[in-house]
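Here's the structure, in C-alpha cells; my notes come after.
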Amino acid sequence: MVTTTELLGVGLYSTFDAALYARVSPQLIARWIYGTTKGDPVFEPQLGRSEERDITFLDFVQALAIRRIRNERPGVSLQKIREAYFRARNEFGEPYPFALESTRIGLFGPPDIPRRQEIWLCVGKAEGEARKYFQLTGKKSGNQLIGEVVRTYAHRLVFDETTQLARKYIAYPTGKPVDTGERIAMDPEVRFGEPFVESCGYTARTLYDAYQSEGTPERAAEIYGVSLEHMTLVIEYFDYLKPPLRDTGNTVSV
C-alpha cells in the first residue's frame with residue numbers, strides 16, 4: 001500500500017478529476033491508463049494497476065499526450081500509440097517517455113490517410129546538441145527523420161532541469177506566451193497537484209466553490225481576500241472545463 005508520505009510531490013487524482021482537468025470522459029482516460037476487458041492500457045500507470053485506480057501527475061501528463069495525438073489525427077489507433085510508448089520506453093530507457101522533455105513526440109504522414117500516419121520521437125536537449133527525430137511506429141520504425149514535422153502538446157508544460165520530466169502543467173493561462181499573465185497551474189509539489197491560482201495560492205476549486213456559495217464573484221473575493229481578477233479567472237477555468245465533450249472513443253473536443 002502506498003502511503004501519503006510516499007505520494008508527496010507525486011500528485012494524485014481520481015479518475016473523475018483527472019478526466020475533468022484533461023477535458024475528456026472518465027471512461028476514456030480510464031481506458032488509456034488502465035485498459036478494458038477488450039484492450040490493454042496505452043501505458044503503465046506510475047503506481048501500478050491498483051484497485052483504487054489512482055492517477056499521478058505523470059500519468060496525467062502522458063494522458064495529455066494521448067489526447068493531443070487523438071485530437072490531431074483521430075485515425076491513429078490506441079494500439080499504435082501503445083507501440084510508440086513501449087518502443088520509446090524500452091529503447092531509450094525512460095519510464096515516462098510521454099512526459100519527458102527530451103523525448104517529445106509528434107505525428108507525421110497524410111492527415112487524411114490514417115493507416116499512413118506514424119509517430120515520431122524527438123531526443124536531444126543539451127545546449128549545442130542537435131535534436132534528432134526517430135520514427136517509432138510502422139515498418140520503418142527506428143529510422144531518423146529530418147526536422148520537426150508537427151507541433152507537440154508540450155508548450156504548456158514546465159520541465160525539471162535535472163530529470164527533464166514534466167513538473168508543472170499550465171492548466172489555464174491567460175497570457176501569450178503562457179508564462180505571462182494570471183494563470184492556473186497543476187504542480188505535484190503543491191496540494192497533490194490540485195489546480196491552483198499561482199499568484200494567490202488558493203486552489204481553483206476553493207475559490208469556485210466560494211463563488212457558488214456566495215452567489216457573486218465580488219462577495220467571494222471579499223471573503224477570501226483575493227482580487228476580482230482571481231475570481232474571474234477560476235470562473236472562466238471551470239467554464240472551460242465544462243463544454244460538452246464529443247467522445248466517440250477516437251476523438252474528444254478541446
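Structure notes:
- Residue count for the stretch 178-202, restricted to those that are within 15 Å of residue 228 (Cα to Cα) and polar (S, T, N, Q): 1.
- Candidate set: the stretch 56-105, residues that are hydroxyl-bearing (Ser, Thr, Tyr) and part of a loop (DSSP other than H, G, I, E, B); chosen: the one surrounded by the fewest Cβ atoms within 10 Å (Cβ to Cβ): 77
- Looking only at the stretch 240-249, and only at residues there that are of a type outside the set (Ser, Thr, Tyr) and assigned to a loop (DSSP other than H, G, I, E, B), the one that is modelled with the highest pLDDT: 242
- In the set (1) aliphatic (A, V, I, L, M); (2) modelled with pLDDT of 80 or more; (3) assigned to a loop (DSSP other than H, G, I, E, B); (4) closer than 18 Å to residue 192 by Cβ, the condition left unmet by residue 29 is number (3).
- Tally, over the stretch 36-52, of residues that are surrounded by fewer than 16 Cβ atoms within 10 Å (Cβ to Cβ) and of a type outside the set (Ser, Thr, Tyr): 7
- Among the residues here, residue 216 does not qualify as within 21 Å of the chain's Cα centre (by Cα), among the β-branched types (Val, Ile, Thr) and at pLDDT 95 or above.
- The stretch 227-239 residues that are assigned to a helix (DSSP H, G or I), paired with ones that are β-branched (Val, Ile, Thr) and surrounded by 15 or more Cβ atoms within 10 Å (Cβ to Cβ) (beta carbon under 6 Å, 6 or more apart): 230/197; 237/184
- Only listed residue being modelled with pLDDT of 80 or more and of a type in the set (D, E, K, R), chosen from 67, 116, 73: 67
- Condition check for residue 43 on (1) assigned to a helix (DSSP H, G or I); (2) in contact with a helix residue (DSSP H, G or I) (Cβ under 8 Å, 6 or more places away or on another chain); (3) among the aromatic types (Phe, Trp, Tyr): one failure, at (1).
- Filter result for residue 89 (among the charged types (D, E, K, R) and modelled with pLDDT of 85 or more): no
The values are calculated or read from the model by the stated rules, or taken from the named source; none is laboratory data. If you're wondering where the values come from, they're calculated on a predicted model, not measured in any experiment. Positions of Cβ are backbone-derived with ideal geometry, glycine not excepted, and every protein chain shown enters the neighbour counts.
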